[in-house]
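The values are calculated or read from the model by the stated rules, or taken from the named source; none is laboratory data. The shown structure was predicted, so the numbers you read here are calculated from the model rather than taken from an experiment. Backbone-built Cβ (ideal geometry, glycine too); neighbour counts: all protein chains shown.
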Amino acid sequence: MNNSIEALNSKVRGRIITASSDDYDDARAVYNGMHDRRPEAVVQCMDSADVMAVVTSARDSGMDLAVRGGGHSVPGFGAIDEGLVLDLSRMNYARVDPVKKVVNVGGGATLGDVDHATYPFGLAAAGGVVSTTGVGGLTLGGGIGYLTRSVGLTIDNLLSADVVLADGRQVTASDYQNEDLFWALRGGGGNFGVVTNFEFQLHEVGDVVGGPMFFEFDDAQAVLEAYREYMMHAPEQLGCFFGWQIAPPLPFIPQDRVGDLFCVLVPCWNGPHEEAEQVVKPFRDAAEVKAELFEVMPFPTLQSLFDDAVPKGMQNYWKADFITELTDDAITAHIEHGAKTPHISSSMHLHPINGAAQRVGADETAFGHRDKNFAPVIVGMWDDPAENEANTKWVKDYYDAIHPHSGSDGGYINFMSDDDDDRAPANYGANYERLAEVKAAYDPDNLFHVNQNIVPASN
């Protein structure tokens, strides 16, 4: 144990886990099994004081610092070789004020933690589509999910954030405190500090009508065309993403169709339950639904529906874009490469980001792609590292086929892989220069660089 880490023993309440610890391998493991990194230590912070001590230690010692919330980062940003991992997973509280409809969330909480706390009050926070996702990473990147069209991105519902800065201080950022920092946190990634507490506005969401609708792959063009047209003007209480899915062995899947490739729509209707069938009628009119689990269910159930399909430890390689229009040529490319989907956990998901998300100006937050209507992501996930080359090639080939039709160089930073560093300026869009200036003000030495990095502006 080096001297800097040894000195932390008297400064933190959380455990300091090193290579000599029995649970070192578990503590250093991240969601993406491709990344097998060996940090000097993992510090499981218990509170803001621990976070401040770890940040100060990393800064003073010159050690590389990785910050881990939910650990879901595909590039494996939650771990680093020979550096220090600041693990927030013990700070996973979610405290609800049902009168103000507000929740305070610890920096290490997952969407499942928040859903568990908010659902009994008939409330929900704007989140994603998988309950094991970390709130911190999701939020700082923007936050796309089932509720985006109705209440906006996760960042559009962020009221304040407590942030430990590179100099070791904790400050609060909001619309009336450290406003430039608050602007940058909303879409600028983990570039500006460690968020120990998020305060979110909640919304009335209890039981929704949702779940997957499976269509024959041969009907994909009709389904995609109907989806493209309808999602531009559908009621905003409807969230819905499109994807490819090799049918898993589930009760609602006919036994003789398990293992077949389908195209899938996953609606989430947060309106009157009796209106749900009318709302999804354009989807049913596009083609025959072959299997479905579209029914009334608690919102947390929908948000955790796919958790088992995307467990921790699998091999992950993703590519993403933003698009304004899903063109006919893009649909052709999607179908060509979707037909080659290699694994039951691999897919392409097409997320709508219009509606309420577009009523926020591109310069009001750091998320600079408010004019885009969809966020496609090619999700490569598989078990066997021996298949890495072939499956990575599928993702790259798919991306190369659809990117010329995107009309955008940028993509959602939470969908990036570890070879997408050069895309950072395009991913942050027109706000990149302003972000670089805020970075220079709050982290001039780029302590927080294990991320989709923003280089501090030079003076």
Seminar exercise, completed: Expected single match for buried (at least 16 other Cβ atoms within 10 Å of the Cβ), of a type in the set (G, A, S) and at pLDDT 95 or above among A330, A339 is A330
Exercise. From the list V43, V99, V74, V103, which one is touching a residue at least 12 places away in the same chain (Cβ under 8 Å), aliphatic (A, V, I, L, M) and assigned by TED's automatic domain parsing to the domain that holds N191?
Worked result: V103
For this session: Among the numbered conditions (1) modelled with pLDDT of 95 or more; (2) of a type in the set (A, V, I, L, M); (3) not in a strand (DSSP E or B), tell me where L250 comes up short.
Result: (1)
For this session: For H369, state whether it is touching a residue at least 60 places away in the same chain (Cβ under 8 Å), part of a loop (DSSP other than H, G, I, E, B), assigned by TED's automatic domain parsing to the domain that holds K312 and under 20 Å from R186 (Cα atoms).
Result: yes
For this session: Consider only pairs whose beta carbons are under 8 Å apart and that are at least six residues apart or on different chains; among these, list those whose first residue lies in the range 18-38 and is in contact (Cβ under 8 Å) with a residue 24 or more places away in the chain and within 21 Å of T133 (Cα to Cα) and whose second residue is part of a helix (DSSP H, G or I) and of a type in the set (D, E, K, R).
Result: R37/R28
Problem set entry | Segments classed as helices (runs of 4 or more DSSP H), wholly inside the range 379-459, with at least 3 members that are surrounded by fewer than 22 Cβ atoms within 10 Å (Cβ to Cβ) and without any contact (Cβ under 8 Å) to a residue 24 or more places away in the chain | 388-402, 432-442
Exercise. Do any residues in the range 218-240 that are under 17 Å from N373 (Cα atoms) have Cβ atoms under 9 Å from those of residues that are of a type in the set (D, E, K, R) and in a loop (DSSP other than H, G, I, E, B), where the two are at least six apart or on different chains, and which pairs are they?
Worked result: R228/E325
Problem set entry | Selection within the range 77-96 - touching a residue at least 60 places away in the same chain (Cβ under 8 Å) and surrounded by 22 or more Cβ atoms within 10 Å (Cβ to Cβ) | F77, I80, L84, L86, D87, L88, M91
Exercise. Picking from S345, S304, which residue would you name as being closer than 21 Å to H72 by Cβ, in the same structural domain as W244 (by TED's automatic domain parsing), free of Cβ contacts under 8 Å to residues at least 60 places away in the same chain and among the hydroxyl-bearing types (S, T, Y)?
Worked result: S345
For this session: Could you grab me the full set of residues in the range 117-127 that are on the phi < 0 side of the Ramachandran plot and either buried (at least 24 other Cβ atoms within 10 Å of the Cβ) or touching a strand residue (DSSP E or B) at 6+ places or on another chain (Cβ under 7 Å) (or both)?
Result: A117, T118, Y119, F121, L123, A124, A125, A126, G127
Seminar exercise, completed: Going through (1) among the charged types (D, E, K, R); (2) out of contact with any Phe, Trp or Tyr (no Cβ under 8 Å at 6 or more places or on another chain); (3) closer than 27 Å to G355 by Cα one by one, D115 fails only at (2)
For this session: Could you name every one of the strands (runs of 3 or more DSSP E) located completely within the range 279-325 that has at least 2 residues being surrounded by fewer than 20 Cβ atoms within 10 Å (Cβ to Cβ)?
Result: 289-292, 295-298
Seminar exercise, completed: Filtering the range 22-54 down to residues that are aliphatic (A, V, I, L, M) and either crowded, with 24+ Cβ neighbours inside 10 Å or not in a loop (DSSP other than H, G, I, E, B) (or both) yields A27, V30, A41, V42, V43, A49, V51, M52, A53, V54
For this session: May I ask you to say which residue of V223, V264, V194 is under 30 Å from V54 (Cβ atoms) and of a type in the set (V, I, T)?
Result: V194
Exercise. Of all residues in the range 239-259, how many are over 22 Å from V208 (Cα atoms) and not β-branched (V, I, T)?
Worked result: 10
Exercise. Can you name every residue in the range 301-325 that is over 30 Å from T392 (Cβ atoms) and in contact with a Gly (Cβ under 7 Å, 6 or more places away or on another chain)?
Worked result: L302
Seminar exercise, completed: Considering residues that are of a type in the set (A, V, I, L, M, F, W, C) and in contact with a helix residue (DSSP H, G or I) (Cβ under 7 Å, 6 or more places away or on another chain), the number found within the range 424-440 is 2
For this session: Go through S57, S10 for me and flag whichever is surrounded by fewer than 21 Cβ atoms within 10 Å (Cβ to Cβ) and either of a type outside the set (A, V, I, L, M) or assigned to a helix (DSSP H, G or I) (or both).
Result: S10
For this session: Scan the range 353-369 residue by residue and report those that are aliphatic (A, V, I, L, M), within 18 Å of G239 (Cβ to Cβ) and surrounded by 23 or more Cβ atoms within 10 Å (Cβ to Cβ).
Result: I353, A357
Problem set entry | the range 255-276, residues that are more than 26 Å from H334 (Cα to Cα) and assigned to a loop (DSSP other than H, G, I, E, B) | N270, G271, P272
